[in-house]
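Worksheet: the structure to be examined is printed underneath.
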Amino acid sequence: MKKLAVAAIVAAVLAIGTSGAALYRTRHLSSSKTNPTSSEVPTSSAQLIEVPDMTNVPVFQAGATLTAVQLKFTTTRAPSDIVVLNSVISQTPAPATTVPAGTVVQLTVSSGPS
C-alpha cells in the first residue's frame, strides 16, 4: 500500500511538472508577440498535427507526449474500474484526428475504482 501511495505521489509530481513546463512555454511564446489582437485568426499555413492515442497511458507521459507534438492539454478525473489509476480513460479530440498546433486535448484521467 505504501508503494502505491509513493507511486501516486511521483505520478502527480511529474504531471504537475510537465503541465507547468507546458504552461511556461505557452506563456513565453505568447508574450513574444507584438500587439496581439483578439481578431487574430490562424492562417491556413498553421502546422497540422495528428492527435496521438493517449488512452491507457499514464497522465504524466500523455502530457509530455502531447507537449512534444505541440498540443496543449487539460485533465478531468473520473472513476474507472478498468483503467489504472492516473492513466487516460478517454480523450477529445479523438486519436488520429488532424488539428492545428496548439489545440487543447481534453484528457479524462482515472481516479481509480468507484
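Scanning residues 5 or more positions from LEU71 or on other chains, those with amide H under 5 Å from its amide H are GLY102, with H placed 1.01 Å from N in the peptide plane. Amide H contacts of VAL109: THR76, ARG77, ALA78, ILE89, each under 5 Å away and 5 or more positions distant or on a separate chain (H built 1.01 Å from N in the peptide plane; Pro and chain starts excluded). Listed peptides 57-63, 108-114 appear in the order 57-63, 108-114 once ranked by packing, highest mean of other Cβ atoms within 10 Å at the front.
Shown in residue order for region 97-114 are the 3J(HN,Hα) couplings computed by the Karplus curve 6.51 cos²θ - 1.76 cosθ + 1.60 at θ = phi - 60°: 6, 9, 9, x, 4, x, 5, 8, 9, 8, 9, 9, 10, 5, 9, x, x, 7 Hz (x for Gly and Pro). The stretch between ALA101 and ASP53, if pulled fully straight at 0.36 nm per residue, gains 15.7 nm over its current Cα-Cα span.
None of the figures in this text is laboratory data; all of them are computed from the coordinates on show. Note that the structure is a prediction, hence the values are computed from the model and not measured. Cβ sites come from the backbone with ideal geometry, for glycine too, and all protein chains shown count toward neighbours.
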